[in-house]
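Worksheet for the structure shown next.
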Amino acid sequence: MDFIEFGMTWMPFLLEGVGVTLGLWAVAMVLGFCLALLLVWGRVYGSKPIYLVATTYVEVFRGTPMLVQLFFIYLGLPEIGIVLDPFSAAALAIGLNTAAYQAEYFRGAIQSLPSGQMVAARAMGMSRFQALRDIILPQAGRRVIPQWSNEAVVELKYTSIAYAIGLTELTARAEQVGYQTFQFLEAFTLVAIIYLVLTGIVAQSLDLLERKTRIPGLTYTGGKME
Amino acid sequence: MSDNPILRVRDVRKTYGGVEVLKGVSFDLERGQSKIVIGPSGTGKSTLLRCINLLSPPDSGSVILDGVTVEERGINQIRAQIGFVFQEFNLFTHLRVLDNVRLAQRNVLGRSKREATKRALEELERVGLSDKLEAYPAELSGGQKQRASIARALAMDPKLILFDEPTSALDPELTGEVVQVMKDLANAGMTMLVVSHEMGFAKAAADEVIFMEGGVIVEQGPPSTLFTCPEHARTSQFLRMITHEHEEG
Ligand SMILES: Nc1ncnc2c1ncn2[C@@H]1O[C@H](COP(=O)(O)OP(=O)(O)OP(=O)(O)O)[C@@H](O)[C@H]1O
Ligand SMILES: [Mg+2]
């Protein structure tokens, strides 16, 4: 009973943090998505130099801790005159990071498609662009949803690293509640439940999208299509 | 042989990794003619078809379609005039049958949706798939897939259609329906170049047979002569081999 009362008291305060967390996540995911499209184009269809740039990007961002990337942007960049507020710095760091992962998932989806359809499209006179837009993209897009969903959930949790540069998002507010009430156990239980609900909603919505857009013969099986 | 063939292939050569796969191939295809290309595996039959529409551009030689040299410039407009039917069908997995047949009409030929639909329905009826318009490729049998892909090629109103082993990926009991569609096409005056060992089609519908081996055309002629009294020993050897295979299979 105590916990429910505790929850009723502090929930409004924590929910304000939910707004920041979700805002941060949404901006980062959109940024990451757009950048990932460029990266995957470079990785799959780019000329040698473009391929190398895109590959280096992916390796660097996947091979270093996100916290280091965040500090680099928030604490490091001011030395060369680029000063960002905590929200922008965190959105940028998470967005740049997720771009690398999303690009790899897109690439996997594209390369799992049977190559013959691209050949058939070109043989009928479609340009490469038309074949990409009308054949590769709709198919790879469907196949990538499960992995993209996973990535979206991972990044939703990762928004909590913004705490490290003083952004009062959800986790930071839970800590504040803890210090005010000295009920850390309750505070972090509550925040864990909130994260669980948020990630649950994201995962379920994308699962629904996957089922609604499903086409026979195009389901993701983790491997190459026949 | 007229001086105005729909397709003129002259001395086409193609090398892959230092190996010359096509060593100078020349032939003509007249309007309304069906030619069938036979020959052992690895002889360059698929490569020849892919050279004709520049899916694999030849290293030298020329391909002339209806008086126009096939070259990289404007290649998409030329490819639109050459149908291609693949062994593996290569239907677009995410599109229903009707959309498979409409897509290139829309984005390559620039036809209106209405016009594209009309042509698609006509060709799907011709191949006997009027009841499968809303099906996805994965919901079709192999024979239905191949007939859909033939309709997709036909709807573009091509000047000729290239077939690369259209029945080889099919279960034996399904080849008949595809062969029948191809025979009907040939009889209706479609110009066709068919790589296939389907003797039923060759005997009933081919005007000429081309026997290829080792990257060259060994001999060509009407099925009646080439199948009964071929000039070259290699041809008769090969024919014995494939009839033997067919009897065993
Ligand atoms: N893209 C390619 N890269 C390298 N070598 C190739 C390529 N395409 C074909 N070849 C080679 O060229 C030769 C001829 O191949 P092709 O596919 O044209 O033969 P085919 O007569 O169609 O044989 P099959 O009856 O088995 O289909 C083969 O040795 C093949 O390995
Ligand atoms: Mg072949």
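Quick notes on this structure:
- Conditions (1) within 14 Å of chain A (Cβ to nearest Cβ); (2) over 26 Å from B:A188 (Cα atoms); (3) touching a strand residue (DSSP E or B) at 6+ places or on another chain (Cβ under 6 Å); (4) away from ligand 1 (no atom under 15 Å from the Cβ): number failed by B:G74: (3)
- Some residue of the stretch A:60-69 being surrounded by fewer than 21 Cβ atoms within 10 Å (Cβ to Cβ), at positive phi and of a type in the set (G, A, S): no
- Residue, nearest to B:L49 (Cα to Cα), within the stretch B:157-190, restricted to residues that are more than 16 Å from ligand 1 (Cβ to nearest atom) and touching a Gly at 6+ places or on another chain (Cβ under 6 Å): B:I161
- Hey, B:L239 at pLDDT below 95 and in contact with a Gly (Cβ under 6 Å, 6 or more places away or on another chain) or not: no
- Residues satisfying the stated conditions in the stretch A:119-135, i.e. at pLDDT 95 or above and surrounded by 18 or more Cβ atoms within 10 Å (Cβ to Cβ): A:A120, A:A121, A:R122, A:A123, A:M124, A:G125, A:M126, A:Q130, A:A131, A:D134, A:I135
- Qualifying position, being modelled with pLDDT under 95 and among the charged types (D, E, K, R), among A:E151, A:E210, A:E155: A:E210
- Residues in the stretch B:31-53 that are surrounded by fewer than 16 Cβ atoms within 10 Å (Cβ to Cβ) and either of a type in the set (K, R) or away from ligand 2 (no atom under 12 Å from the Cβ) (or both): B:R31, B:G32.
- Among the residues of the stretch B:72-108, those that are part of a loop (DSSP other than H, G, I, E, B) and out of contact with any helix residue (DSSP H, G or I) (no Cβ under 8 Å at 6 or more places or on another chain) comprise B:E72, B:R73, B:G74, B:Q81, B:Q87, B:R96.
- Flag if B:V21 is of a type in the set (A, V, I, L, M), away from ligand 1 (no atom under 16 Å from the Cβ) and assigned by TED's automatic domain parsing to the domain that holds B:I217: no
- Residue that is outside any loop (DSSP other than H, G, I, E, B), over 16 Å from the mean Cα position of the chain (by Cα) and free of Cβ contacts under 8 Å to residues at least 12 places away in the same chain, where the choices are B:E123, B:E173: B:E173
- Considering the conditions (1) buried (at least 20 other Cβ atoms within 10 Å of the Cβ); (2) within 16 Å of ligand 2 (Cβ to nearest atom), B:I242 is excluded by exactly one of them, (1).
- Considering (1) assigned to a loop (DSSP other than H, G, I, E, B); (2) more than 16 Å from ligand 2 (Cβ to nearest atom); (3) out of contact with any Pro (no Cβ under 9 Å at 6 or more places or on another chain), the lone condition that B:S56 does not fulfil carries the number (2).
The values are calculated or read from the model by the stated rules, or taken from the named source; none is laboratory data. These numbers were taken from a predicted model, which means no experiment stands behind them. Neighbour counts are summed over all protein chains in view; Cβ atoms, including those assigned to glycine, are modelled from backbone coordinates with ideal geometry.
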